[in-house]
Amino acid sequence: MYPGALPRNRPPRQLEPPLAMPQSRVMAKLWTAAPGALHPAVEHFCFAADAALDGRLVRYDILGSLAHAQMLRSIGVLDKDEWRRLQHGLRRVLRAHERGRFTITTADEDVHTAVETRLGRAGEKLHTARSRNDQVLTDMRLLGLEQLCHTAIAAARAGRALLAQARRHEFLPMPGYTHLQRAMPSSYGMWMGAYGEELADTLVELDAAYTLMDQCPLGSGAGYGVGLKVDRRLTAKLLGFSRVQNNSLYCQNSRGHFEAVALSALASLTGVLGRLASDICLFCSEEFGFLKLSPGFTTGSSIMPQKRNPDPFELIRAKAVRLAALEQSVRLVTHGLISGYSKDLQEIKGPVIEAFDLAPACAQIIELAAPELVPNKKRLAAALTPDLYAADHAYDLVKQGVPFRRAYHRIKGQLDRLEPVDAEKNIRSKAHFGATGRLGLKENSARLRELETGWARRLRRLRAAWNRLLKD
Ligand code: ARG
């Protein structure tokens, strides 16, 4: 027998619950057949982490329940008194939550149970025609819609802040790199403007994610519909969704899928921000010296008094990688799953919430940082060595009718004696669409402003629907 193997004929020892594990208080489960039957270690393993995350879903869960109760009233499942009592109870739980007096414990299992059990008798009919499966789907959708709005607004604001700096230093010459080798003259306007324009395009991806998520899964039950004639259009409308997600099984199957699409959009956004952050780290190093960071955006060293470190930008770079990993972890949970609900799906909640926290936070830091990046004109000018204009000299010959390949070879033969060039004149003279002399910065700013307004309108519409549920 190898060391550590269980001796034969003796039952395996009971698993010790981890030290930090809270012992179950009353078994408050909605489903429990034999109270106390669930092993405490299993209870902890299955529910502890999820119950903690569910604290983030309380508001959405209560909104979903308010809409569901109103629908049950409209189809005659609840009488007026029952409905009012439920409304009152649900609002009371929300107020307790807002005052920090509503905690979801492992014994509760989840937010859905915690809310229902706090309602007492008034809550007994609330679970008619629904399942925790369509409840959690709805909660995550509402969280997703709200956070997509916040993220898109933060991204638009970051983009506008970058474009404002691009306009401020539009014709400040700067070397352009390929392979991290000096390549051609570029400009501060082109560098920052590129990121502003790319951020505007990431809003297209966020918009696609929003469109997918903007379908209400409530009423799909456990994934196969319910045995009462529920009015799914009404609940969708009450919650501020644009439409009902039709097929009940598809509702379940889209859990994890829609979230992965949203996280892919978030990862695209943080990918853009991470790349910018990487440029900033490089350009503010002593070796480049193109940028100076204001003290508000650098940290110090505990041992080297001279150090100023670009921590926020390094962290944005790392968080961009984290976002890509979170997207994958959500996507991979759904791979190989059979159709319908499986408990595996619970595992997507953590990555989704984390990603929705991280992405707008990264965008906000870039928005704040943009005006604090001070270009060092001297160092930029010194880096614009004559060789950077080699291709431009070849184009001067092309303008005189010399075939490009010949012009290329002629200039290549004179690299050590190229005519000096006025950098600013050079970058201003390039006037085709997207060149340093015609970056369309104003147009891009206007596009971002318009997109931001659209997202703000979306958010207001959602909030207005939710406020009606909370106040009517
Ligand atoms: N916490 C669960 C989750 O996030 C809620 C749904 C529970 N459904 C079930 N059939 N056990 O997936």
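The values are calculated or read from the model by the stated rules, or taken from the named source; none is laboratory data. Source: prediction; values computed, not measured. Glycine also receives a Cβ, built like all others from the backbone with ideal geometry; neighbour counts cover every protein chain displayed. Each accessible area value is taken on the protein alone, full model and side chains, heavy atoms only, with ligands, DNA and RNA left out. Shrake-Rupley method; radii C 1.70, N 1.55, O 1.52, S 1.80 Å.
Can you tell me which residue is farthest from the ligand (Cβ to nearest atom) among those in segment 66-99 that are within 26 Å of the chain's Cα centre (by Cα) and open to solvent by less than 70 Å² (accessible area, probe 1.4 Å)? Outline the logic, then answer.
As a first pass, look at segment 66-99 and keep what is within 26 Å of the chain's Cα centre (by Cα): 94, 97-98.
Applying the additional criterion that residues be open to solvent by less than 70 Å² (accessible area, probe 1.4 Å) yields 94, 97.
Values: LEU94: 20, HIS97: 17 Å.
Residue satisfying both the conditions and the ranking: LEU94.
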message: With the structure loaded, tell me whether VAL321 is in a helix (DSSP H, G or I) and open to solvent by 10 Å² or more (accessible area, probe 1.4 Å) or whether it fails that test.
response: yes
Some residue of segment 130-137 being more than 12 Å from the ligand (Cβ to nearest atom) and open to solvent by less than 20 Å² (accessible area, probe 1.4 Å): no
message: Could you check segment 175-230 and list, in sequence order, the residues that are more than 15 Å from THR138 (Cα to Cα) and part of a strand (DSSP E or B)?
response: PRO175, GLY176, TYR177, THR178, GLN181, ARG182, ALA183, MET184, PRO185, SER186, SER187
- prompt: Quick one: LEU388 ticks every box in (1) part of a helix (DSSP H, G or I); (2) under 22 Å from GLY196 (Cα atoms); (3) open to solvent by less than 30 Å² (accessible area, probe 1.4 Å) bar one, so which box is it?
  reply: (2)
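So which of GLU354, GLU347, GLU372 is acidic (Asp, Glu), free of Cβ contacts under 8 Å to residues at least 24 places away in the same chain and surrounded by 13 or more Cβ atoms within 10 Å (Cβ to Cβ)?
On the way: GLU354 fails: free of Cβ contacts under 8 Å to residues at least 24 places away in the same chain; GLU372 fails: free of Cβ contacts under 8 Å to residues at least 24 places away in the same chain.
None of the others qualify; the one that does is GLU347.
Sort through LEU148, LEU126 and tell me the only one that's within 16 Å of the ligand (Cβ to nearest atom), open to solvent by less than 30 Å² (accessible area, probe 1.4 Å), on the phi < 0 side of the Ramachandran plot and aliphatic (A, V, I, L, M). Give the steps one after another, and end with the answer.
Working: LEU148 fails: within 16 Å of the ligand (Cβ to nearest atom).
Of LEU148, LEU126, the one residue that is within 16 Å of the ligand (Cβ to nearest atom), open to solvent by less than 30 Å² (accessible area, probe 1.4 Å), on the phi < 0 side of the Ramachandran plot and aliphatic (A, V, I, L, M) is LEU126.
Condition check ((1) at pLDDT 95 or above; (2) within 22 Å of the chain's Cα centre (by Cα); (3) surrounded by 15 or more Cβ atoms within 10 Å (Cβ to Cβ)) across all residues:
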position	(1), (2), (3)
ALA394	yes, no, yes
HIS409	yes, no, no
LYS442	yes, no, no
GLU452	yes, yes, yes
ARG458	yes, yes, yes
ALA464	yes, no, no
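Okay, residues lined up against (1) out of contact with any helix residue (DSSP H, G or I) (no Cβ under 8 Å at 6 or more places or on another chain); (2) touching a residue at least 60 places away in the same chain (Cβ under 8 Å):
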residue: LEU239; (1), (2): no, yes
residue: TYR250; (1), (2): yes, no
residue: LEU282; (1), (2): yes, no
residue: GLU287; (1), (2): yes, no
residue: SER294; (1), (2): no, yes
residue: SER301; (1), (2): yes, no
residue: ARG322; (1), (2): no, no
residue: GLN328; (1), (2): yes, no
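For (1) among the small types (Gly, Ala, Ser); (2) assigned to a loop (DSSP other than H, G, I, E, B), each residue gets a yes or a no:
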| position | (1), (2) |
| --- | --- |
| THR113 | no, no |
| GLU116 | no, no |
| LEU126 | no, yes |
| LEU137 | no, no |
| ARG141 | no, no |
| GLY144 | yes, no |
| GLN147 | no, no |
| HIS150 | no, no |
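Could you please give the count of residues in segment 39-58 that are of a type in the set (A, V, I, L, M) and within 13 Å of the ligand (Cβ to nearest atom)?
Within segment 39-58, the subset of a type in the set (A, V, I, L, M) is 41-42, 48-49, 51-53, 57-58.
Of the ones still in play, those that are also within 13 Å of the ligand (Cβ to nearest atom) are 48-49, 51-53, 57.
Total satisfying the criteria: 6.
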message: Looking for something touching a residue at least 40 places away in the same chain (Cβ under 8 Å) and of a type in the set (S, T, N, Q) - is there at least one such residue anywhere in segment 408-421?
response: no
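What do you reckon, is THR211 in contact with a Ser or Thr (Cβ under 6 Å, 6 or more places away or on another chain) and among the β-branched types (Val, Ile, Thr)? Explain how you work it out, then say what you get.
Details: in contact with a Ser or Thr (Cβ under 6 Å, 6 or more places away or on another chain): no; among the β-branched types (Val, Ile, Thr): yes.
When the stated conditions are applied, THR211 does not pass them.
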